[in-house]
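Some notes on the structure that comes next.
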Amino acid sequence: MSKSVLIIDFGSQYTHLIGRKIRELGVYAEIYPPKYLNNVTNILNHSVLILSGGPDSVLNKKAPKIDIPLDQIPIPILGICYGFQYISKEFDGVIEKSNQREYGKTIIKISNCDLFKNTNSEQQVWMSHGDSLTKIPKGFKILAKTKNKIPAAIYKKNIYAIQFHCEVTHSEFGNQILKNFLFDICNLKENWKNNDLHQTIGRYLRINVKEKKPNIVCAVSGGVDSTVLAFAISKYMKLDNVHFIFVNNGLLRKYDIKNIKSVFKSFNLKLNIINAEHIFLKKLKNVTDPELKRKIIGGLFIEVFSKYIRKLSQKDFYLAQGTLYTDIIESRSYHGGKSVTIKSHHNVGGLPKDLKFDVIEPFKELFKDEVRRLGLFYKLDQRFVNRHPFPGPGLGIRCIGKVNRQRLDTLREIDEIFINFLIEKDLYNKSWQAFAVLLPVKSVGVMGDERTYEETCVLRCINSVDGMTADVTEIDIETLSEVATHIINRVPRVNKVLYDITSKPPSTIEWE
Ligand code: XMP
C-alpha cells in the first residue's frame, strides 16, 4: 500500500476537514496527535507531513509540539495556521502577539510560484489567528502577504507554511492550493477512491472486533447515520448475534416507524422495535425545561435499551454507534478539557456498569455527506439517504413547553405538511434541515366567522455544511404564505405560522 499523508492535529476545529479535503483529492490521509511522532520511525510510513492549526499560541510554553526537529524530517511539510507559526518559530522567525485577532475573510497578494499555481494574484482566504509573524525565519521566502503586508505564506526547500486555512470553503482557492502542494510540489499520485470508505469501515471493524461471531447491539434511530451503520455491519459481520434495535419513544415524526421498517425489510434485515411511547410520555408530563427534557429522554432511552440487552443474557457485547465526527467536535477540546455545554446531546452513553461492552464507532472520522455516499454505495434508497438530520430527542425538543400526545400529533401533522411542501417545491434537497416547532403561545384569530384562540407554529429551514453554523434558507413570502395556509386549513389547534429567520450563531438550529 502506498504511504499516506500524515496530519498532525494541534487541536483545530478544522483538522478533520484537512483530512477530508485530501481524501476528496484522491489521496489517503491519516490524522494523529503530536505524540505520534514521539516514535521517530513513524514518519517513515508517510509521504507528506501536514501540521494543522490549533487554539494555542506557539508563545505559550505548554503549547503542543512534536519531538522531532523539523529539519530532520525527510518528507515535505505543510504548516497551516498554528502549523505556520510552529514552523516559523522552529526556524528562528519571530512570532508576536497581535493587538487584534485576525479572524475571517482576508485578501492576500501572492507571488508567482507552484503553491499558488492556477489561482488569482489577489484572492480571498480565511484567517483565524491571534499571533503574527513579524520576522520571517532564516532562509525562508515570502510567497504571499496580506494587504497589511503581513506574511501569509512562506517556504524553504520542501517546507511550506500558510497562515490561512486552505481547508475551509471561505478560502477561495483552498482546494487548488492543496492540490498544487500534493501533486505538483510533493509529486503524489492518487491512491484513494471515495468508495474506499467501505474498505476503511471494514478495516476499522476488523481491527476493533476480533471475534468471528461477535455479539453486537446496534441502536437504530431511524436516521441516516445509524441506518447506514447497520448496513455496514451487515456487510462485514456474521449476523447471528447482531441485534438492530429501534426504540419508539413516541417523539417520532408521522411515518418514521413505517419508513425504517420498510428500509430494513427491503434488505432482509431484522429490526427489533421496542414500543416505549407510554414510558416516555409519562416521564415527560408537565416537564418544560429544555435541558431536563433532554436528560429525561436520554436517561429513558438508556433504561429501555439496557433492559433489552439484559434480556439477551449476553454478558459481553459491542455497542455500535453511528457517531459522526461533527457529533463529537463541539464537545471535544485538544487538552481534554470540557467545553461549554450548549445542549446535552443525546446518544447511548451512560449505560449501567454491569453491562460489559466496548463501543464501536466506525463513522467517527466521517462527515454526514460521506456517510450519505456510503449509504448510496450500499444501495439504500436515495430519498432515505438524503433525509435531513433528526435529533435524538426528536419532537420532544420541538414541542416547546409541555410534551403530550395531542401536541405531538399536531406537530407531526404540521411537520409532514411542511416537508412534503418543500419536496414538492424542490426546496427540500436544497436545504440542509427543515422542520416545524410548536410554541405554547396562543393568539386570537378568525376562521370563517369564528373566533379562534390557538397555539403558534414556527417553520425553520436552514442551509449548513455540518450543522455547526447555519444560514436561513431564503424562501419567498408567497411560498411561505402558501404553506401557512395549508397548515392552518388542515391542522386544528394552530392559527398562526411564523418563519424563523435567525442564523446559527447566535441561534442554534433546534429551539431547545
Ligand atoms: P443545534 O440545535 O445544536 O443542532 O444547533 C445542530 C444539529 O444537531 C442536531 N441535534 C441533535 N442531534 N442528538 C442528535 O442526534 C441531539 O440531542 C441533538 N440536538 C441537536 C440538530 O437537529 C442539528 O442538525
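Any read-out appearing in this document is the output of simple, stated calculations on the displayed coordinates, not a laboratory observation. Please read all numbers here as calculations on a predicted model, not as lab measurements. Please note: Cβ atoms are built from the backbone with ideal geometry, for glycine as well, and neighbour counts cover all protein chains shown.
A simple packing score, the average count of other Cβ atoms within 10 Å per residue, orders the peptides 204-217, 411-424, 353-366, 5-18 as 5-18, 411-424, 353-366, 204-217, with the highest score first.
Put simply, when 66-75, 297-306 are sorted by average Cβ atoms within 10 angstrom per residue, most first, you get 297-306, 66-75.
Highest mean first, what order results for 499-505, 223-229 on Cβ atoms within 10 Å?
Numbers: 499-505: 13.7, 223-229: 24.4.
Ranking the peptides 499-505, 223-229 by packing returns 223-229, 499-505.
Within the chain, the percentage of alpha carbon pairs spaced more than 41 angstrom apart rounds to 31%.
Checking the table Lys117/Lys145; Lys368/Lys430; Lys109/Lys141; Lys21/Lys504; Lys35/Lys62 against a 20 Å threshold on Cα-Cα, which pairs fail? The partial results should precede the final answer.
Working: Lys117/Lys145 16 Å; Lys368/Lys430 15 Å; Lys109/Lys141 14 Å; Lys21/Lys504 24 Å; Lys35/Lys62 14 Å.
In this structure, Lys21/Lys504 exceed 20 Å between Cα atoms.
Measuring between alpha carbons in the structure, the pairs from Lys138/Lys364; Lys285/Lys496; Lys105/Lys138; Lys265/Lys311; Lys265/Lys307 lying more than 32 angstrom apart are Lys138/Lys364.
Distance from the Cα centroid of the stretch 448-512 to that of the stretch 21-49 is 46 Å (rounded to whole angstrom). Run a plain Debye calculation on the stretch 404-499 (Cα atoms as equal point scatterers, no solvent) and give log10 I(q)/I(0) at q = 0.12, 0.18, 0.19, 0.20 Å⁻¹, rounded to two decimals, same order as the q list. Debye intensities relative to I(0), on a log10 scale: -0.39, -0.83, -0.91, -0.98.
Kirkwood-type hydrodynamic radius, the stretch 195-385: 17.6 Å, calculated from all non-identical alpha-carbon pairs. The distance separating the Cα centre of the stretch 222-253 from that of the stretch 394-424 comes to 24 Å.
If the chain linking Lys285 and Lys261 were pulled fully straight, counting 0.36 nm for each residue of separation and taking away their Cα-Cα distance, it would gain 5.8 nm.
A full extension of the chain between Gln199 and Lys157 corresponds to an added length of 11.5 nm, given 0.36 nm per residue minus the alpha carbon distance.
Hydrodynamic radius of the stretch 92-179 by the Kirkwood approach over all distinct alpha-carbon pairs: 13.1 Å. Per-residue Karplus couplings for the stretch 381-394, computed as 6.51 cos²θ - 1.76 cosθ + 1.60 with θ equal to phi - 60°, are listed in order as 4, 4, 5, 5, 4, 8, 4, 5, x, 9, x, x, x, x Hz, Gly and Pro entered as x. Distance between the pseudo-spin-label points of Glu24 and Glu474 (7 Å out from Cα toward the beta carbon): 2.3 nm. Each listed q (0.08, 0.10, 0.15 Å⁻¹) maps to a log10 I(q)/I(0) for the stretch 4-191, found by the Debye formula over equal Cα scatterers with no solvent: -0.21, -0.34, -0.81.
Counting only other residues whose beta carbon sits under 13 Å from that of Ile257, what net charge do I get with K and R as +1, D and E as -1? Please list the in-between numbers first.
Details: positive: Arg253, Lys254, Lys258, Lys261, Lys265, Arg412; negative: Asp256, Glu277.
Residues near Ile257 contribute +4 overall.
Rg of the Cα atoms in the stretch 232-301, relative to 2.2 N^0.38 Å, amounts to 1.37.
Here the label points at Lys425 and Lys147, each 7 Å from Cα along the C-beta direction, are separated by 3.8 nm in the simple model.
First measure r as the distance between the Cβ atoms of Leu376 and Ser98, then evaluate 1/(1 + (r/R0)^6) with R0 = 35 Å and state the FRET efficiency to the nearest 0.05. Walk me through the numbers before you get to the answer.
Numbers: r = 46 Å, r/R0 = 1.31.
Step by step, r from the Cβ atoms, then E = 0.15.
Could you tell me the number of lysine pairs in the stretch 155-227 with C-alpha atoms less than 21 Å from each other, where the two lysines are 8 or more residues apart or belong to different chains?
On the way: Lys156/Lys179; Lys157/Lys179; Lys157/Lys189; Lys179/Lys189; Lys179/Lys193.
Lysine pairs, 8 or more places apart or on different chains, close enough: 5.
In debye, nearest 20: dipole of the stretch 4-191 around its Cα centre with unit charges on the Cβ of K, R (+) and D, E (-)? Provide the component values of the computation, followed by the final result.
On the way: 23 positive and 17 negative charges, 86 e Å.
So the dipole magnitude of the stretch 4-191 works out to roughly 420 debye.
Relative to the dominant Cα principal axis of the chain, helix 15-24 is inclined by about 90°.
Between Asn268 and Leu59, what is 0.36 nm times their sequence separation minus the Cα-Cα distance? Round to one decimal in nm. Kindly include the intermediate steps, with their values, before the conclusion.
Working: separation 209, 0.36 × 209 = 75.24 nm, distance 5.84 nm.
Using 0.36 nm per residue and subtracting the Cα-Cα distance, I get 69.4 nm.
Taking K and R as +1 and D and E as -1, what net charge do the other residues with C-beta under 10 Å from the C-beta of Pro440 add up to? Provide the component values of the computation, followed by the final result.
Working: positive: Lys402, Arg407, Lys442; negative: Glu455.
Taking every other residue near Pro440 into account, the sum is +2.
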